[in-house]
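Participant: Handing you a structure now.
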Amino acid sequence: MKRFLVIGGVVVIGALALLFIFQQRNSHDVFGVAGLLPENTALLLHIPDAEKARGDWQQTDLFQLYHEPAVQDFLRTAKAELRARGEVSDVLRDSAVLRLRDIFIATSSIDPLRLAGGFEFRAGEAESHRLIEAWKNRWLGANAMHDKVEYQKHAIEITTTPRLTLASTFVGHRFFAATSVDDLKTLLDRFDGRSKSSRLSAEGNFRTAMRQMPSGYAALLYVQPQMFARKFAALRAEARRVPALAGETSQIRSFSHALVFEGAKLREVDFIRMPRTGDRKLARDTLASVPADALLFVAAVVNWQSQFANTESRKRMLGAADLSPADVAAAFDDQVSIRAKWPPSARLPAVSLAVPVRDAARARQVTAALAAASGWESNVQGNFQVFAAPPSGLALMRLVAALSDKKLAFAFDVPTAERAAASAAAANSLAAAANFKQMSGLVPPAQTLFAWLDLGTLYSRLDATLRPLLQISAAFLPERSQPFDVARLPAAAVVAKHLGTVIASQMYVDEGYRLESVGSITFDQAALVAAGAYAGSAIFGKKGPWSAHSGVVPVPASPAPTP
């Protein structure tokens with residue numbers, strides 16, 4: 001009886017082991033791919049299921065925006081040109097036929113650049129081979145040289161052009177390729193289980209980063225920046241501009257990014273593994289003074305002592321006034337807030353950055369010292385001391401600062417800076433808005449950074465500012481308006497209703513900073529849109545905000561004595 005139990009136990013254990021091996025070989029998560037790559041992989045891009053991602057993408061607000069009749073009409077000429085070229089539409093069509101999974105591309109060397117990648121296809125083998133070979137011929141050219149070698153029962157095709165060598169092979173329903181024959185052989189050794197060398201899937205930074213990545217992502221990017229840092233240091237040394245330091249390494253151990261299609265919204269998760277820069281957690285107590293119709297609100301924690309201690313020019317500015325980085329940390333709170341409001345009648349948004357004051361007397365000393373060292377003008381206006389940046393012939397905007405006993409605020413006009421420095425509570429605050437409460441529940445509580453952007457309002461205001469100028473430009477320079485017809489530009493309301501708001505929060509966890517955002521577009525994309533919107537408004541505006549109508553009182557040419 002005992003013998004049968006032992007034999008039965010061995011059979012069960014063996015079956016479980018085989019099942020585990022089978023699952024590992026056929027898994028579609030990032031660890032299955034990472035098991036094929038070396039430990040020193042510097043960059044990995046992974047798309048687990050292109051077919052599923054395509055279906056999820058079709059549920060998003062952006063997809064619905066793209067299929068608005070007015071948007072399709074606006075893009076009609078551009079789409080016709082893309083169809084005429086054929087490359088993009090052909091690849092998308094072929095990808096749908098192949099039903100691709102586990103798409104990956106990776107590199108462990110950038111000097112020279114060596115790439116390896118592959119994917120699994122779920123279409124028939126004959127049709128899949130035909131489409132993939134057509135891709136290779138299209139991208140590498142008809143004049144490429146072809147050769148074949150056998151390796152461990154795998155037929156490797158080597159395609160050579162003057163600029164590139166591509167080694168590729170089919171393994172069942174998988175296709176693997178690399179720009180080095182040796183790299184492809186090593187990848188096959190790992191896939192077949194012959195190689196016991198270190199793999200990315202067991203590397204500590206990678207495993208830590210993957211713990212912070214969401215499941216069910218549409219795409220993932222993982223970067224180990226050490227290789228890029230060393231290459232940059234070598235280039236600096238060759239250029240003899242900034243000497244490369246011996247043993248120079250970046251504090252960033254890894255960076256990872258995941259994109260998730262979550263119903264109508266996009267969710268983005270970034271994780272940067274690096275040492276903590278400070279212990280203070282975000283209070284977000286400035287929300288009470290942010291109005292409900294704010295376009296933008298950002299709150300972040302800044303380590304002032306570190307910021308000034310690590311910058312020689314700033315240290316010299318303070319030293320000239322017998323001050324130190326510790327004085328900056330004692331004078332100002334380490335929580336910074338940025339806010340913007342853009343009324344329909346305004347040409348530009350009113351943007352301000354505010355820092356709470358801890359010690360009013362020391363804050364005046366530090367601000368006056370830094371302003372004097374930078375050539376800023378100074379003037380006292382009521383309860384505020386106002387500083388203005390030196391004028392520039394090319395700058396369209398002139399930065400100003402207002403200092404009160406409560407806050408130091410920066411803006412592009414004096415009234416905005418003074419309002420931000422006054423720290424008055426809003427009658428109808430953003431924190432009480434229903435949309436704000438709903439969106440806030442979609443991200444974890446913020447510890448080091450919180451951001452809110454009303455992207456729909458941003459687009460509407462930008463449209464009102466730039467549409468007339470774009471129409472005039474198209475009339476005088478019609479060749480530059482192609483392939484887009486400005487006359488068919490969709491109404492702002494059509495676009496804005498699909499954009500909504502974007503919210504983001506950051507925390508320090510697992511030895512790194514984790515930023516998570518949700519919205520019709522992601523936080524990184526929204527930041528680019530916001531920066532482009534403000535820059536475009538300023539460039540196309542007829543006159544800058546620093547004028548006689550901006551509320552600026554003339555200031556003396558030299559800095560006035562600090563009160």
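The values are calculated or read from the model by the stated rules, or taken from the named source; none is laboratory data. Just so it is clear, the model here is predicted, and its values are computed rather than measured. Neighbour counts run over all protein chains shown; Cβ positions are idealised from the backbone, glycine included.
Participant: Taking helices (runs of 4 or more DSSP H) that fall entirely within segment 49-93, which contain at least 1 residues that are farther than 27 Å from L455 by Cβ, out of contact with any Pro (no Cβ under 9 Å at 6 or more places or on another chain) and not β-branched (V, I, T)?
Facilitator: Working: elements: 50-57, 61-66, 69-74, 76-85.
Ranges flagged: 50-57, 76-85.
Participant: If we keep just the residues of segment 206-255 that are more than 25 Å from V443 (Cβ to Cβ) and polar (S, T, N, Q), which is modelled with the highest pLDDT?
Facilitator: Filtering first and then ranking leaves Q224.
Participant: Can you name the condition, by its number, that A368 falls short on among (1) out of contact with any helix residue (DSSP H, G or I) (no Cβ under 7 Å at 6 or more places or on another chain); (2) modelled with pLDDT under 90; (3) of a type in the set (G, A, S)?
Facilitator: A368 satisfies every listed condition except (2).
Participant: I'm checking my understanding of the structure. Among residues of segment 417-433 that are within 12 Å of R339 (Cβ to Cβ) and surrounded by fewer than 17 Cβ atoms within 10 Å (Cβ to Cβ), which one is modelled with the lowest pLDDT?
Facilitator: A426
Participant: For the subset of segment 96-142 comprising residues that are of a type in the set (D, E) and not in a loop (DSSP other than H, G, I, E, B), which member is nearest to A34 (Cα to Cα)?
Facilitator: Initially, segment 96-142 is screened for residues of a type in the set (D, E), giving 102, 111, 120, 125, 127, 133.
Keeping just the survivors that are not in a loop (DSSP other than H, G, I, E, B) gives 102, 120, 125, 127, 133.
Working: D102: 11, E120: 15, E125: 25, E127: 28, E133: 26 Å.
The selected residue is D102.
Participant: Select from segment 338-357 the residues that are assigned to a loop (DSSP other than H, G, I, E, B), buried (at least 19 other Cβ atoms within 10 Å of the Cβ) and touching a strand residue (DSSP E or B) at 6+ places or on another chain (Cβ under 9 Å) and list them in ascending order. Step through it out loud before you land on a result.
Facilitator: Taking segment 338-357 and keeping what is assigned to a loop (DSSP other than H, G, I, E, B), we get 342-349.
Narrowing the set further to residues that are buried (at least 19 other Cβ atoms within 10 Å of the Cβ) leaves 342, 348-349.
The answer is W342, P349.
Participant: Across segment 278-337, what is the number of residues that are of a type in the set (S, T, N, Q), assigned to a loop (DSSP other than H, G, I, E, B) and crowded, with 21+ Cβ neighbours inside 10 Å? Full working, then the answer.
Facilitator: Here is the first cut: in segment 278-337, the residues of a type in the set (S, T, N, Q) are 286, 289, 303, 305-307, 310-311, 313, 324, 335, 337.
Those still in the list that are assigned to a loop (DSSP other than H, G, I, E, B) too: 303, 310-311, 324.
Next cut, crowded, with 21+ Cβ neighbours inside 10 Å only: none.
Within segment 278-337, residues that are of a type in the set (S, T, N, Q), assigned to a loop (DSSP other than H, G, I, E, B) and crowded, with 21+ Cβ neighbours inside 10 Å number 0.
Participant: I would also like to ask the following. Can you say whether P112 is outside the structural domain of G519 (by TED's automatic domain parsing) and more than 28 Å from V30 (Cα to Cα), as far as the supplied structure shows?
Facilitator: Working: outside the structural domain of G519 (by TED's automatic domain parsing): yes; more than 28 Å from V30 (Cα to Cα): no.
No; evaluated as a whole, the condition is false for this residue.
Participant: Which fully enclosed strands (runs of 3 or more DSSP E) of segment 154-236 have 2 or more residues being touching a strand residue (DSSP E or B) at 6+ places or on another chain (Cβ under 9 Å), within 14 Å of L36 (Cβ to Cβ) and of a type outside the set (D, E)?
Facilitator: Details: elements: 154-160, 165-171, 174-178, 219-223.
Once the strands (runs of 3 or more DSSP E) in segment 154-236 are filtered for at least 2 residues that are touching a strand residue (DSSP E or B) at 6+ places or on another chain (Cβ under 9 Å), within 14 Å of L36 (Cβ to Cβ) and of a type outside the set (D, E), what remains is 165-171, 174-178.
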